Amino acid sequence: MRLRQDGRERIAVVTRIVRKRVGAAVAADCFIDNSPPPPAREEIAVAGHRDRGAGRPTKRDRRDLEQLRRR
């Protein structure tokens, strides 16, 4: 079985099919994970990082803008 999860490919060989819900330990015995190793943390792009002052103004910035508009 091949599937994509969180942007990476997972490969699993199902060795046994269970007919009801079972615990994690039993479920782990029912397949063999042949997935390639995950990429190193350094290779994964950091999301949500931006320079200070870029993007939306902070609450303090909005207050300062409101004071300037009143003058």
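Quick notes
- Single match in Ala27, Ala54 (criterion: open to solvent by less than 100 Å² (accessible area, probe 1.4 Å) and either in a helix (DSSP H, G or I) or at pLDDT 95 or above (or both)): Ala27
- Hey, Val18 modelled with pLDDT of 85 or more, in contact with a helix residue (DSSP H, G or I) (Cβ under 9 Å, 6 or more places away or on another chain) and assigned to a loop (DSSP other than H, G, I, E, B) or not: yes
- Restricting Arg10, Arg62, Arg4 to those that are open to solvent by less than 100 Å² (accessible area, probe 1.4 Å), modelled with pLDDT of 75 or more and charged (D, E, K, R) reduces the list to Arg10.
The values are calculated or read from the model by the stated rules, or taken from the named source; none is laboratory data. This is a predicted model, so every value here is computed, not measured. No Cβ is skipped: glycine too gets one built from the backbone with ideal geometry, and neighbour counts run over all protein chains shown. Just the protein is used for accessible areas: all its heavy atoms, side chains included, with ligands, DNA and RNA removed. Shrake-Rupley method; radii C 1.70, N 1.55, O 1.52, S 1.80 Å.
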